1. For the range 1-109, which helices (runs of 4 or more DSSP H) that fit wholly inside it have 2 or more residues that are of a type in the set (Gly, Ala, Ser) and open to solvent by 10 Å² or more (accessible area, probe 1.4 Å)?
2. Could you list all residues from the range 266-294 that are under 8 Å from the mean Cα position of the chain (by Cα) and surrounded by fewer than 24 Cβ atoms within 10 Å (Cβ to Cβ)?
3. Would you check if there is a residue in the range 168-182 being within 14 Å of the ligand (Cβ to nearest atom) and either open to solvent by less than 50 Å² (accessible area, probe 1.4 Å) or modelled with pLDDT of 95 or more (or both)?
4. Determine which member of the set PHE305, PHE217 is assigned to a strand (DSSP E or B) and not basic (Lys, Arg).
5. Working only within the range 253-282, note down all residues that are more than 26 Å from GLY178 (Cα to Cα) and modelled with pLDDT of 95 or more.
6. Sort out which residues of the range 139-159 are more than 12 Å from the ligand (Cβ to nearest atom), open to solvent by less than 20 Å² (accessible area, probe 1.4 Å) and in a helix (DSSP H, G or I), and write them in order of number.
7. Counting only residues that are near the ligand (Cβ under 9 Å from one of its atoms) and not polar (S, T, N, Q), how many does the range 16-31 have?
8. Exactly one condition in (1) modelled with pLDDT under 95; (2) away from the ligand (no atom under 16 Å from the Cβ) is false for ALA291; which is it?
Amino acid sequence: MIRAVITGSGSALPEQCVTNAEMAKRVDTTDEWIVERTGIRQRYIAGEGETTSSLATEAARKALEDAGVDASEIGLIILATATPDHTFPATATQVQANLGCRGGVAFDVQAVCSGFLYALGTAESLLRTGMAKKALVIGAETFSRILDWEDRTTCVLFGDGAGAVVLEARDVADDGPGILATKLHADGEHKDLLYVDGGPSTTGEVGKLRMKGREVFRHAVVNLADVLKEVLEDAGVDSGDVDWVVPHQANARILDATARKLGLSTDKIVVTVDQHANTSAASVPLAFDVARKDGRIKQGDLVMFEAMGGGFTWGASLARI
Ligand code: UT7
């Protein structure tokens with residue numbers, strides 16, 4: 001059967017690392033509050049010249065090298081971002097130009113923190129139809145550019161970065177590698193809990209991120225536990241057989257609460273929120289790359305990806321590496 005197989009990964013971070021102690025000099029907060037409520041210890045913030053496309057390109061180049069794939073072989077680029085370089089064209093086309101692989105399909109997906117899951121699900125479907133043979137799926141963000149740096153309830157939570165995977169259509173055996181099941185959802189009822197208060201068609205300005213964190217937290221735990229169960233059922237896999245969960249890195253307490261609801265051991269959860277904070281669509285591929293490169297995630301492992309974000313949007317995907 002034809003499956004979309006993850007054959008490489010890469011990631012990129014801005015040069016500047018900002019610790020909680022440094023954040024406490026900007027807004028009325030403390031290292032203790034941030035660590036206790038979120039697990040975050042530091043975040044990376046894009047400097048002048050560092051953009052969503054530059055981070056995405058670096059992550060994509062590393063993923064291509066890791067997969068042993070030349071940029072010219074890539075027929076599809078899907079880039080998940082809520083912080084594109086420009087309103088248009090799609091940042092994916094800029095990445096395509098940077099990589100020098102003209103002519104294939106390239107577009108952005110906007111599902112905020114769930115963007116990578118949406119991009120992965122879309123790429124997987126397109127590869128299975130034969131539209132392309134090899135794809136780059138990227139999550140890249142510069143959320144620092146849409147933060148209200150006076151609002152301590154949001155500005156301490158986010159960071160910038162990018163992660164990418166190479167996906168290849170391969171004819172594999174039933175127990176072989178590839179994406180086994182994906183479920184995606186959205187519910188536009190809850191827009192006011194997490195949104196950016198601007199845009200080209202409303203204010204004509206980019207706007208700033210606004211969030212009612214406590215309410216988002218409550219929805220996140222319920223929605224994530226539900227969608228994880230849905231994917232496990234669809235794939236016919238028991239939660240005990242999952243080797244690693246690579247979740248969206250919003251808050252360490254959400255990761256623990258979701259794991260508890262599913263009866264999953266917290267040892268199986270890849271946690272990078274302490275290092276990167278919440279990098280929105282970049283967080284899942286960034287965490288995946290960290291855990292692959294440090295040797296935790298190995299070939300043959302069963303890996304669950306999951307995320308929830310503004311919209312609300314949420315989703316999960318199970319893959320054998
Ligand atoms: O990525 C998309 C999905 N996003 C999420 O999943 C985020 C989900 N939400 C969260 O992670 C948590 O709700 C937060 C980390 C955002 C907040 O944690 P919380 O435990 O829900 O805190 P809270 O909002 O209930 O605030 C508790 C207190 C408040 O003070 P009072 O009203 O109790 O006096 C806040 O004003 O903490 C105060 N506070 C702060 N104090 C120090 C809020 N932000 C800060 C801060 N430093 N940065």
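1. Because the criterion is at least 2 residues that are of a type in the set (Gly, Ala, Ser) and open to solvent by 10 Å² or more (accessible area, probe 1.4 Å), the helices (runs of 4 or more DSSP H) in the range 1-109 that meet it are 20-26, 52-67.
2. As a first pass, look at the range 266-294 and keep what is under 8 Å from the mean Cα position of the chain (by Cα): 279-286.
Matches in the range 266-294: none.
3. Taking the range 168-182 first, the residues within 14 Å of the ligand (Cβ to nearest atom) are none.
No: zero hits.
4. On the way: PHE217 fails: assigned to a strand (DSSP E or B).
Sole residue among the options that is assigned to a strand (DSSP E or B) and not basic (Lys, Arg): PHE305.
5. Of the range 253-282, the ones more than 26 Å from GLY178 (Cα to Cα) are 253-254, 256-257, 260-261, 273-278.
Once the filter is applied, which keeps residues that are more than 26 Å from GLY178 (Cα to Cα) and modelled with pLDDT of 95 or more, the range 253-282 yields VAL273, ASP274, GLN275, HIS276, ALA277, ASN278.
6. Residues satisfying the conditions are SER144, ILE146.
7. To start, the set of residues in the range 16-31 that are near the ligand (Cβ under 9 Å from one of its atoms) comprises 23-24, 27-30.
Right, trim to not polar (S, T, N, Q) and you get 23-24, 27-28.
The total comes to 4.
8. (1)
The values are calculated or read from the model by the stated rules, or taken from the named source; none is laboratory data. All figures in this text were calculated on a predicted structure; none of them were measured in a lab. When we count neighbours, we look across all protein chains shown, and the Cβ atoms used for this are built from the backbone with ideal geometry, even at glycine. Protein only, heavy atoms only, side chains kept; ligands, DNA and RNA dropped before computing areas. Shrake-Rupley method; radii C 1.70, N 1.55, O 1.52, S 1.80 Å.
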